[in-house]
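**Student:** Quick one: this structure, given as structure tokens, is what I'll be asking you about.
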Amino acid sequence: MTEETISKLTEEISALKASTPADAEALRIKYLSKKGIITALFADFKLMPPEEKRVFGKKLNDLKNFATEKITGLKEMAETSDIVDSSLDLTRTASPMPLGTRHPLSIVRNEIISIFSRLGFNIAEGPEIEDDWHVFSSLNFAPDHPARDMQDTFFIFRNPEVLLRTHTSSVQTRVMERSKPPIRIICPGRVYRNEAISARAHCFFHQVEALYVDKNVSFADLRQTLLYFAREMFGPETKIRLRPSFFPFTEPSAEMDISCNLCGGKGCGFCKHTGWVEILGCGMVDPNVLDACGIDSCVYSGFALGMGIERITNLKYQVKDLRMFSENDRRFLEEFTSAR
Ligand code: DAH
């Protein structure tokens, strides 16, 4: 044995490779087993004269330790890469994650907001837990108006003063109380009514309210706004029709129908063969409401309108059962993937 034998072996061992645990084991046998190359060197070592032993003892031990470490390392690496599966390409891009969908009511609410914001309306919000003043009294509901009835309204702790709002018209009052005209707001939100849950009624649903107050706001402004909204929402061919109605907070009041968007107004099962479907309530803000909110009704006038988001969504997407909106059935929700 010479020093060269040892340095050559060191080089050789440092270049070793093993792609499977069996390869690594073969290397261990080749260098370190009883009949291995390094073991043989130790046998030679025993026969060396003492002065040579002093030179080679440490070198040989270092070689053996180096070989043991290297081969154990190769074995461990081969074992773990076996588990990871060497066909795995860690540089590949990950498979795409399925995107969530917006809730149909959110899609329609956002569309309504976007239509009105193009006309200069800003979003306003108010609390869902309200008081009698904002939901009823300020809006000209007589003290004995049936809408205040326990049958319709959820009162909190049976306190007639604290209740869940039954319509988003309460936000009108909140905004008018704290701001000066011109006011042009759109108020989306959830409302509550004490109704038995069925395909056609729910104890909570969603509304969008719009309010415009300024000098010289007329019924013609209301009508034109409604026509713009209907055509943006349901298509440029859509016709509208206003029918007289009654709401305590508007005078005159009207209900708006649009030409049935399923049959184009010819008459079908959906519009009960009338060619028209009702979509919202509206009117000129009653002077009593303006005055109650601190706005001089001799100077200012306004129009208001309110619609159910569920109703508009049903018209757009023909959802037959109101309960679908709150059941979180993914099969239903995923149908709106492309409508985002
Ligand atoms: N608040 C009414 C309701 O819940 C809807 C409504 C009708 C709102 C006429 C209005 C309006 O602003 O002018 O049925």
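The values are calculated or read from the model by the stated rules, or taken from the named source; none is laboratory data. Keep in mind that this is a model prediction, so the values were computed, not measured. Cβ coordinates were reconstructed from backbone atoms using ideal geometry, including for glycine residues, and neighbour counts include every protein chain displayed. Surface accessibility is based on the protein's heavy atoms, side chains included, excluding ligands, DNA and RNA. Shrake-Rupley method; radii C 1.70, N 1.55, O 1.52, S 1.80 Å.
**Student:** Could you please tell me the mean projected area of the C-alpha convex hull for region 205-255, averaged over all directions and given in square nanometres to one decimal? All intermediate terms of the calculation are to be shown ahead of the outcome.
**Tutor:** Details: hull surface 18.4 nm².
Averaged projected area of region 205-255's Cα convex hull equals 4.6 nm².
**Student:** When the Karplus curve 6.51 cos²θ - 1.76 cosθ + 1.60 is applied with θ = phi - 60°, which whole-Hz ³J(HN,Hα) does each residue of region 63-72 get, with x for Gly and Pro?
**Tutor:** Running phi through 6.51 cos²θ - 1.76 cosθ + 1.60 with θ = phi - 60° gives 4, 5, 4, 4, 5, 5, 4, 4, 6, 4 Hz.
**Student:** In region 184-302, carbon and sulfur make up what percent of the accessible area (probe 1.4 Å)? Working shown, then result.
**Tutor:** Numbers: 2800 of 5550 Å².
Carbon and sulfur atoms account for 50 percent of the accessible area of region 184-302.
**Student:** Spelling out what I want: for every residue of region 265-275, take phi, set θ = phi - 60°, compute 6.51 cos²θ - 1.76 cosθ + 1.60 (Karplus), and round to whole Hz; glycine and proline get x.
**Tutor:** For region 265-275, the Karplus curve yields x, 6, x, 8, x, 5, 9, 6, 6, 9, x Hz.
**Student:** Same structure again: For region 36-106, which whole percent of the accessible surface, found with a 1.4 angstrom probe, sits on carbon and sulfur atoms?
**Tutor:** 59
**Student:** Take the alpha-carbon centre of region 135-211, take the same for region 280-330, and report the distance between them in whole Å.
**Tutor:** Between the Cα centres of region 135-211 and region 280-330 lies a distance of 10 Å.
**Student:** Oh, and also: Can you send over the solvent-accessible area of S7, 1.4 Å probe, protein chains only, in Å² to the nearest 10?
**Tutor:** The accessible area of S7 comes to roughly 60 Å².
**Student:** Moving on. If you take the alpha carbon radius of gyration of region 127-275 and divide it by 2.2 N^0.38 Å, what ratio comes out, to two decimals?
**Tutor:** Working: Rg = 17.4 Å, N = 149, 2.2 N^0.38 = 14.7 Å.
It is 1.18.
**Student:** Sorted by accessible area with a 1.4 angstrom probe, largest first, how do K34, K53 fall? Mind showing how you got there, number by number?
**Tutor:** On the way: K34 190, K53 75 Å².
Ranked from most to least accessible, the order is K34, K53.
**Student:** What is the distance, in nm, between label points placed 7 Å from the Cα along the Cα-to-Cβ direction at V299 and at S95?
**Tutor:** Once both label points are built, they end up 6.7 nm from each other.
**Student:** Assigning unit charges at the beta carbon (Lys, Arg +1; Asp, Glu -1) and nothing else, what dipole magnitude in debye, to the nearest 20, does the chain show about its Cα centre? List each step's numbers first, then the result.
**Tutor:** Numbers: 43 positive and 46 negative charges, 193 e Å.
For this selection, approximately 920 debye.
**Student:** Now, a different point. So what J values fall out for region 312-323 if you push phi through Karplus, 6.51 cos²θ - 1.76 cosθ + 1.60 with θ = phi - 60°, rounded to Hz, Gly and Pro as x?
**Tutor:** Per residue, the Karplus-derived 3J(HN,Hα) values read 5, 5, 4, 5, 6, 10, 6, 7, 7, 10, 4, 5 Hz.
**Student:** For the chain, report the translational diffusion coefficient in µm²/s to the nearest whole number, using Stokes-Einstein at 37 °C, 0.692 mPa s, and a Kirkwood Rh over Cα pairs.
**Tutor:** On the way: Rh = 26.4 Å.
My calculation gives 124 µm²/s for D.
**Student:** Shifting gears a bit: On a straight-distance basis, which lysines could pair with K266 in a cross-link, Cα separation under 17 angstrom, same-chain partners fewer than 8 positions away excluded?
**Tutor:** The reachable lysines, counting only those whose Cα sits under 17 Å from K266, are K239.
**Student:** Rounded to the nearest angstrom and ordered from largest down, what semi-axes does the equivalent ellipsoid of region 232-340 get from its C-alpha gyration tensor (root of 5λ)? Mind showing how you got there, number by number?
**Tutor:** On the way: eigenvalues 211, 74, 28 Å².
Whole-Å semi-axes of the equivalent ellipsoid: 33, 19, 12.
**Student:** For E12, E130, E25, E237, give me the order by solvent-accessible area with a 1.4 Å probe, most accessible first, ignoring ligands, DNA and RNA.
**Tutor:** Working: E12 80, E130 5, E25 60, E237 150 Å².
Ranked list, largest accessible area first: E237, E12, E25, E130.
**Student:** Placing +1 at every Lys and Arg Cβ and -1 at every Asp and Glu Cβ, with all other atoms neutral, what dipole size does region 174-254 have around its Cα centre, in debye to the nearest 20?
**Tutor:** Numbers: 13 positive and 8 negative charges, 5 e Å.
Computed charge dipole of region 174-254: roughly 20 debye.
**Student:** Principal axis lengths of region 181-228 from Cα atoms, whole Å, largest first?
**Tutor:** 43, 22, 14
**Student:** If pairing requires two Cys Cβ atoms under 4.7 Å apart, which cysteines of the chain are left without a partner?
**Tutor:** C187, C203, C282, C293, C298
**Student:** Then there's this: Work out, step by step, the length gained on full extension between T10 and T72: first 0.36 nm times the residue separation, then minus their alpha carbon distance; give nm to one decimal.
**Tutor:** On the way: separation 62, 0.36 × 62 = 22.32 nm, distance 1.55 nm.
Here the segment from T10 to T72 would lengthen by 20.8 nm.
**Student:** Which of R193, R231, R54 moves the most in a Gaussian network model of the chain with Cα springs under 10 Å?
**Tutor:** Largest GNM mean-square fluctuation: R54.
**Student:** I need two numbers for region 17-85: Rg to one decimal and Dmax as a whole number, Cα atoms only, in Å.
**Tutor:** Rg and Dmax of region 17-85, Cα atoms, are 15.0, 52 Å.
**Student:** Can you tell me the accessible area per residue over region 243-318, all protein chains present, probe 1.4 angstrom, in square angstrom?
**Tutor:** Working: 3100 Å² over 76 residues.
So region 243-318 comes to 41 Å² accessible per residue, rounded to a whole number.
**Student:** Here's something else I'd like to know. Among L105, M150, A201, whose Cα projects farthest towards the positive end of the dipole of the chain, with charges put on the beta-carbon of Lys, Arg (+1) and Asp, Glu (-1)?
**Tutor:** Farthest towards the positive end: L105.
**Student:** Now, a different point. Could you tell me the accessible area of Y192 in Å² (1.4 Å probe, neighbours in place), rounded to the nearest ten?
**Tutor:** Looks like 40 Å² after rounding.
**Student:** Roughly how many nanometres apart are two label points built 7 Å out from the Cα toward the Cβ at N194 and T274?
**Tutor:** Distance between the two pseudo-spin positions: 3.0 nm.
**Student:** OK, next. Counting DSSP beta bridges with both partners in the chain, what percentage is antiparallel, nearest 5?
**Tutor:** Numbers: 43 of 45 bridges.
Once the DSSP bridges in the chain are tallied, antiparallel ones form about 95 percent.
**Student:** To continue, here is another question. Could you order M176, M284, M97 so the one with the most accessible surface comes first? Probe is 1.4 Å. Write down the numbers at each step before the final one.
**Tutor:** Working: M176 0, M284 25, M97 165 Å².
The most accessible residue leads, giving M97, M284, M176.
**Student:** What are the lysines whose alpha-carbon lies under 29 Å from the alpha-carbon of K34, with same-chain residues fewer than 8 places away excluded?
**Tutor:** Candidates past the 8-residue exclusion: K8, K17, K46, K53, K58, K59, K64, K70, K75.
**Student:** Per residue of the chain, what 222 nm ellipticity follows from adding -39500 (n - 2.57) for every DSSP H run with n ≥ 4, rounded to the nearest 500?
**Tutor:** It lands at -12000 deg cm²/dmol.
**Student:** Provide, in order from the shortest bin, the percent of all Cα-Cα pairs of region 8-139 in each 5 Å bin, continuing until the bin that contains the maximum pair distance.
**Tutor:** In order of increasing distance, the bins hold 2, 7, 10, 10, 8, 7, 5, 4, 3, 3, 3, 3, 4, 4, 5, 5, 5, 4, 3, 3, 1, 1, 0, 0 percent.
**Student:** Oh, and also: Provide the per residue accessible area, probe 1.4 Å, for region 28-171, rounded to a whole number of square angstrom.
**Tutor:** On the way: 9310 Å² over 144 residues.
Ligands and nucleic acids excluded, the result is 65 Å² per residue.
**Student:** I need the calculated FRET efficiency for the pair D214 and E251, taking r as the beta carbon distance and R₀ as 25 Å, to the nearest 0.05. Kindly include the intermediate steps, with their values, before the conclusion.
**Tutor:** On the way: r = 18 Å, r/R0 = 0.71.
Calculated transfer efficiency: 0.90.
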